[in-house]
Every structure is written in structure tokens, then in C-alpha cells.
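First the structure, in the form of C-alpha cells, and then the observations on it.
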Amino acid sequence: MAKKAAAGGANPQRKQAAPVPPDPDLTRAKKIVTRRIFIFQIALGIAMTAFIVIASSVAGEYDSDPIGFFWPAIGAGLFGGSMGVTRRVSLPAYSQRIKMMSKSRIGTFMPVLYGGLMAGVAFIMFSSGILAGSVSASKPESAGGKTSVQSTTEDSGMFTTNLFPVFSAEADADGRVTIREWLTIRPASIPDIGKLMLWCFIAGWSERFIIGLLAGLERRAGAPADPQDDGV
């Protein structure tokens, strides 16, 4: 009884745990990765601006076809990938990965390049109509012996939605689409441009976005997909 009374009368306060000191190696790694990504984003912005200005001026001077959106889409994916790396810097779960990325420039920019690659895959998927439906081309005659080809979607894709961009391209007089015409492919309208750039940014930002779509296509084709690669 005396022990219980003494324990009850003492009423000791619970000691607070001492704050964990920051890891100097992790702090230095975060600074290195953040500085590299920041410089890359500035360089990418300058390069994309110069590309658009030069391509637009050349197209206006020589009255050539408008520039396509393949390379701007890649740029959006690269920017999305760089923003994804910036987000991971502040997440404790990526601490060891950030340390490894800071040891080499290749390790730092590999996720960014991967984001650009995924944006290219997204561009191909959107332009093919495989996500929102099959592509049917309408070919009204236009000036210069070219034919305007607009892709319209039918309810045969993975999704029934208007969230994905619709494309238009220039074909030759015989209705054929060559590599040159494919490189100049572009969205059919301004809203479609916004959709394309946003989805390509998301493809670079999220590593699982395109992986999940590819896994869905694999299941639709009847092939067994790896459950570890379904993007979930």
C-alpha cells in the first residue's frame, strides 16, 4: 500500500523524446539534387522557348507546315519528371534514394529522362486513338496538294471519355502519311493541345501512369500481366 501511495503521489511527468538531429549527409544530398534539377528546369525552359520561337519563325517565313507537338510533348514529360524528383526530395521515404541520386548526375537525371520517355509513349497512345477509341480519318482537300486528316474516336478504346486529345495531321495527295507528316502531327484544337501537354506532364510526373495503361492494354489483349507492374 505504501508503494502504491508513493507511486501515486509522485505522479512523474512523461519525458519527451529528444528531437532527432538532421542527417548532414541527407541535407547535403538534398541540396545537390535540388540545385541540379533547378538548373535543368531553367535550361529546359530556355530550350523549349527557343525551339518554339525558331520553329514558328521558320514556318512563317517559308510558309511551311506548322510544327508538330511530339517534341513539346517530350519537353512536358521532362518537366514533369523534374517536378517529380523535386517532390521526392522532401519525402522521408526517398531519403536513401536521394543520397544515391546525389552521387552522380546520371542518377539524378535518370528519372527525368524516364519521364520524357513515358511522355513519348503517351503521345503515341493518344495519337493512335487506342485509349479513347479507334481513329477514323476524314480527308477534305486543302491548299498545296495536302490533305487534312483529323482523327475522330469511336467507342472501341479502353475508355469512353473526352479527356484525351484528338489529333490532326497532313497527308500527301494520295492520302499517305509519311514520317515527315507524322513528326508534324498536332492536336486538332487548342483544348486538345492543353489535354496533350497536361497528360504528358502527368506521364513524366507519375511513374505508374503509363505502366498502368500498358498493363491494362496487356490484359485487354489477353496476355497475363505481371501483378507487380499494374501501376497499383
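The values are calculated or read from the model by the stated rules, or taken from the named source; none is laboratory data. Fair warning: this is a prediction, and the values are worked out from it, not measured in the lab. As a convention, Cβ positions derive from the backbone with ideal geometry for all residues, glycine included, and neighbour counts pool all protein chains shown.
Residues in the stretch 154-190 that are at pLDDT 80 or above and not in a loop (DSSP other than H, G, I, E, B): Pro187, Ile190. The residues of the stretch 194-232 that are at pLDDT 90 or above and surrounded by fewer than 16 Cβ atoms within 10 Å (Cβ to Cβ), listed by number, are Gly194, Leu198.
Taking the numbered list (1) out of contact with any Leu (no Cβ under 6 Å at 6 or more places or on another chain); (2) modelled with pLDDT under 95 in turn, Ala43 passes all entries but (2). Checked against (1) under 30 Å from Arg87 (Cα atoms); (2) modelled with pLDDT of 60 or more; (3) over 32 Å from the mean Cα position of the chain (by Cα), Ala18 passes all but condition (2).
When the residues of the stretch 90-119 are narrowed to those that are of a type in the set (Val, Ile, Thr) and crowded, with 18+ Cβ neighbours inside 10 Å, which ends up nearest to the chain's Cα centre (by Cα)?
Keep residues of the stretch 90-119 that are of a type in the set (Val, Ile, Thr), which gives 98, 106, 108, 112.
Now restrict to residues that are crowded, with 18+ Cβ neighbours inside 10 Å: 98, 108, 112.
On the way: Ile98: 20, Thr108: 17, Val112: 9 Å.
That would be Val112.
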